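The values are calculated or read from the model by the stated rules, or taken from the named source; none is laboratory data. Keep in mind it's a predicted model, so treat the numbers as computed, not measured. Cβ sites come from the backbone with ideal geometry, for glycine too, and all protein chains shown count toward neighbours.
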There are 2 protein chains.
Amino acid sequence: MAASKVNVGLLGMGNIGTGAYKTLEMNRRLIEENTGLDISIPKILEKDTGRKRDVTVLPEQFTQRPDDILKDPDISIVIELLGGIEPATGFMLAAMENGKHVVTANKAALAANYDRLVGAAKANGVMLRFEASVGGGIPILNALTTALLANEFVEIQGILNGTTNYILTQMAEGGLSYGDALKAAQGKGFAEADPTEDVEGHDVANKLSILISLIFGRRIPPQDIPTEGITGISMDDIARAAAEDSKIKLIAVAHRDGAGIEYSVKPAFVKNSHPLAGVNNEFNAIFVKGNAVGELMFYGRGAGPLPTGSAVMGDVIEIAKATTGE
Amino acid sequence: MAASKVNVGLLGMGNIGTGAYKTLEMNRRLIEENTGLDISIPKILEKDTGRKRDVTVLPEQFTQRPDDILKDPDISIVIELLGGIEPATGFMLAAMENGKHVVTANKAALAANYDRLVGAAKANGVMLRFEASVGGGIPILNALTTALLANEFVEIQGILNGTTNYILTQMAEGGLSYGDALKAAQGKGFAEADPTEDVEGHDVANKLSILISLIFGRRIPPQDIPTEGITGISMDDIARAAAEDSKIKLIAVAHRDGAGIEYSVKPAFVKNSHPLAGVNNEFNAIFVKGNAVGELMFYGRGAGPLPTGSAVMGDVIEIAKATTGE
């Protein structure tokens, strides 16, 4: 049986875009064997065509004109990995209006424009998937929206940012001050030159906003989530936690409270006996309670080109399976 | 929009069958809201109709004749929760030959007759799902066969049996001998009166056989998996592990080794720094490595009526969504 050909357009080939491309390059034959899908990425919107990327990409695959992808009738799925709210949101809306399915890792655009984006998918009869936007390679959104659908969710708690978890781990285990731990994270590529989005908790608030939409069906914009980062954590706080047989973690939490829900992003003491306490360095984890399944935890790499590429290409495969009948 | 009506037949209403029924009873309205599916279980094959079950089930729902379910044209999905290889396998084959989708938690029947059952699903154009057969409520099979499909799997390691993990935890943390820990497990309902299947590792070998089929596409019957249980573990072994900063866990492992794969079920030292070391008592966990996603771990309740019910009803919902277009 001939494989079903699926053409994908890629918006943005920075670190994450390169990771998604490389994931497909590494595993394309295996994916075809397992699923009957022959997936390729013929067109890429990217200005920086000269950068060394360690993947095979031809100059003619690059374009500077968004419409070369958004209006190409041969492209059925668009991957948006530009980051930032605009022009990413506009490109995703245009892709869906042109009948294309969309996969994105863009938590900022989703948290800012969730209703518009989900509404556009519905209105245009296309799929919008965003596994990579929360927890990197951890397939948490897929689990919450498929295998766990027989549950009423009671609570979700997450360590959703690798930068801050690395810093807190280095403070607790390496005895580094906040400033030195931040420098170490920057040295390892886990923190950006301007770490504000991460260390002030905004990145986590975006992710929690997306999780709340999915499991509680409520739309809470990230700016309405009480958010505290880790910049105020001192070595005294770390020592106080240790004395209470606990660790300090930056915890995103949302739980039912009567008819409503309560939510926040803030540093919290986590008892060493709790599964989240053992989640160290750049790892992420999501702890969920459902009224049937009880307690579950999902653990893995919350960032990085290949883990994020795994989630992005997983979404592409799911869309392709659903739409080609493979 | 009217909900899509889905009639499900249930084979077996012991502990797990009751848990699946109760999961639906608790969350039926929520499932309908979230998915547009109106799922009910009008018919149940079960001899013990008098048992107190803590769910609302009418006498006329029970039948003693398998064909009342297997040949009922109004039933589109059959849940098999009888356990054991036969008559469960025969009933599943008959259901599929009659065009019904099948959901099962039966690892013994799957491990013994995997090819026949999967082949029958293909031949009859129906779906066969078995999330609950490995890891109870943990949605591991769904993740491996959907969200993680862009990976080549390198290794899988699991703590896949709650009985033995409870016993080993009580030996290590409670200082109990093997015999006393087994009695404690039986007292808590975590071990059966005849614990052979669990403590000799056969239950885990069944589960590993299913995992190997899914991630490596290879069929290894459970009797071909080198299997060692925990009956020979002494307090000296436990102390030796502790001295090496490790815990003894009953580990199912399969990993690529050149063109082949290696696999076994046996007690192993797990370093305390490894995520599996923190999986205690009746909890299960599965640790997976993919060539893109890196290391992942899934943690949760590997047994029990409601966690298993969550997995069973999750499969029912997935089949119903795929077949009704909801």
Breaking point among (1) in contact with a helix residue (DSSP H, G or I) (Cβ under 9 Å, 6 or more places away or on another chain); (2) without any contact (Cβ under 8 Å) to a residue 60 or more places away in the chain, for B:Glu200:
(1)
Restricting the range A:177-187 to residues that are surrounded by 18 or more Cβ atoms within 10 Å (Cβ to Cβ) and without any contact (Cβ under 8 Å) to a residue 24 or more places away in the chain, which is farthest from A:Phe130 (Cα to Cα)?
A:Ala181
Complete set of residues in the range B:90-131 that are under 27 Å from A:Gly136 (Cα atoms) and touching a Lys or Arg at 6+ places or on another chain (Cβ under 9 Å)
B:Phe130
For A:Ile138, state whether it is touching a Leu at 6+ places or on another chain (Cβ under 7 Å) and closer than 25 Å to B:Ala132 by Cβ.
yes
Taking B:Ile261 and the conditions (1) over 30 Å from B:Ile41 (Cα atoms); (2) β-branched (Val, Ile, Thr); (3) in contact (Cβ under 8 Å) with a residue 60 or more places away in the chain, which numbered condition does it fall short on, given that it satisfies the others?
(3)
Does the range A:249-264 contain any residue that is surrounded by 16 or more Cβ atoms within 10 Å (Cβ to Cβ) and either closer than 25 Å to B:Lys289 by Cβ or not assigned by TED's automatic domain parsing to the domain that holds A:Thr163 (or both)?
yes
Checking A:Phe190, A:Phe216, A:Phe153 in turn, the sole residue that is more than 20 Å from the chain's Cα centre (by Cα) and touching a residue at least 12 places away in the same chain (Cβ under 8 Å) turns out to be A:Phe153
Within the range A:191-211, residues of a type in the set (A, V, I, L, M, F, W, C), closer than 27 Å to A:Val154 by Cβ and surrounded by fewer than 22 Cβ atoms within 10 Å (Cβ to Cβ) come out as A:Ile210
Of the numbered conditions (1) more than 14 Å from chain A (Cβ to nearest Cβ); (2) without any contact (Cβ under 8 Å) to a residue 40 or more places away in the chain; (3) touching a strand residue (DSSP E or B) at 6+ places or on another chain (Cβ under 9 Å); (4) under 21 Å from B:Ala322 (Cα atoms), B:Ser76 fails exactly one; give the number of that condition.
(2)
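The rows are residues; the columns are (1) farther than 13 Å from B:Leu214 by Cβ; (2) out of contact with any strand residue (DSSP E or B) (no Cβ under 6 Å at 6 or more places or on another chain).
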site	(1), (2)
B:Val126	yes, no
B:Ile140	no, no
B:Ala150	yes, yes
B:Glu155	yes, no
B:Leu160	yes, no
When the range B:89-105 is examined, which residues are found to be polar (S, T, N, Q) and not in a helix (DSSP H, G or I)?
B:Asn98, B:Thr104
I'd like to check something: does the range B:198-208 contain any residue that is outside the structural domain of B:Asn15 (by TED's automatic domain parsing), in a loop (DSSP other than H, G, I, E, B) and at pLDDT 95 or above?
yes
Taking only the range A:215-264 into account, find how many residues are among the charged types (D, E, K, R) and touching a strand residue (DSSP E or B) at 6+ places or on another chain (Cβ under 7 Å).
9
What residue, among those in the range A:28-50 that are part of a loop (DSSP other than H, G, I, E, B) and in contact (Cβ under 8 Å) with a residue 24 or more places away in the chain, is surrounded by the fewest Cβ atoms within 10 Å (Cβ to Cβ)?
A:Asp48
Can you pull out the helices (runs of 4 or more DSSP H) entirely within the range B:106-188 that have at least 2 residues that are more than 30 Å from B:Thr323 (Cα to Cα)?
B:162-174, B:178-187
Of the residues in the range A:1-27, those that are within 18 Å of the chain's Cα centre (by Cα) and in a strand (DSSP E or B) come to A:Leu10, A:Leu11
Against the condition over 11 Å from the mean Cα position of the chain (by Cα) and either modelled with pLDDT under 95 or crowded, with 24+ Cβ neighbours inside 10 Å (or both), how does B:Leu117 come out, does it pass?
no
For A:Glu46, which of the numbered conditions (1) more than 14 Å from every other protein chain (Cβ to nearest Cβ); (2) among the acidic types (Asp, Glu); (3) farther than 21 Å from A:Gly304 by Cβ fails to hold?
(3)
Can you pull out every residue in the range A:101-137 that is within 12 Å of chain B (Cβ to nearest Cβ) and touching a Pro at 6+ places or on another chain (Cβ under 8 Å)?
A:Glu131, A:Gly136, A:Gly137
Sole residue being within 30 Å of A:Pro307 (Cβ to Cβ), hydroxyl-bearing (Ser, Thr, Tyr), over 16 Å from the mean Cα position of the chain (by Cα) and within 14 Å of chain A (Cβ to nearest Cβ), chosen from B:Thr146, B:Thr169:
B:Thr146
Given the range A:214-326, what strands (runs of 3 or more DSSP E) lie entirely inside it while holding 3 or more residues that are at the interface with chain B (Cβ under 9 Å from one of its Cβ atoms)?
A:283-290, A:294-301
